[in-house]
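Here's the structure, in structure tokens; my notes come after.
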């Protein structure tokens with residue numbers, strides 16, 4: 001039996017409707033966004049902002065970039081990212097890195113994009129039972145890895161909302177616990 005985490009009423013962003021949905025434990029909502037130039041990125045960002053405003057307990061597992069002067073001088077390692085930035089204890093940080101086959105002393109900025117994204121997703125699932133994910137920028141091989149990681153967390157009763165590009169949508173979702181939502185862009189906006 002699944003428990004409802006929250007219900008999102010239908011909302012509209014720049015004339016594009018995002019249908020209502022119910023986020024339930026042990027389920028992943030996968031929202032496919034049309035691959036139309038700037039619309040894809042803007043719609044995703046604005047949708048994430050709306051969902052977080054509606055439910056503050058939905059952290060976004062977004063890409064982490066080292067922007068501060070100090071971080072550029074002293075780049076973050078995987079261990080520092082997990083412990084200092086994500087506030088995960090050393091034992092769980094070590095477990096997460098081991099599960100992903102990433103060294104704790106590796107520099108975060110030097111890890112390939114898929115592994116960094118996997119690390120960020122695992123870290124957020126460690127801190128929260130419900131997260132927002134975006135699969136943008138991940139290649140075909142990498143997406144399979146991320147889907148497996150996310151599915152293993154969903155099977156534990158956690159939940160997520162994932163955003164992905166409509167152009168890469170497969171005929172069927174890889175796991176039964178995924179509910180698909182397809183966003184359509186009205187012709188007048190194309």
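Laboratory data are not the source of any read-out in this text; all were calculated from the coordinates shown. Predicted model only: the values in this text are computed from it and were never measured. Don't worry about glycine lacking a Cβ; one is built from the backbone with ideal geometry, like all the others, and counts go over all protein chains shown.
Observations on the model:
- Projected area, mean over directions - the range 64-127, Cα convex hull, nm²: 3.8 nm²
- 0 to 90° range, to nearest 10: angle between helix 140-154 axis and the chain longest Cα axis: 90 degrees
- Between residue 148 and residue 76, the simple spin-label model (points 7 angstrom out along Cα→Cβ) gives 2.5 nm.
- In the chain, helices alone account for a calculated mean residue ellipticity at 222 nm of -10500 deg cm²/dmol, with every DSSP H run of four or more residues adding -39,500 (n - 2.57).
- Of all DSSP bridge pairs formed entirely within the range 1-153, close to 90 percent run antiparallel.
- As a ratio to 2.2 N^0.38 Å, the alpha-carbon radius of gyration for the range 53-92 is 1.42.
- Rounded to 10°, Cα long-axis angle of helix 90-99 versus longest principal axis of the chain: 70 degrees
- Tilt relative to the chain, helix 113-127 - C-alpha long axis, 0 to 90 degrees, to 10: 90 degrees
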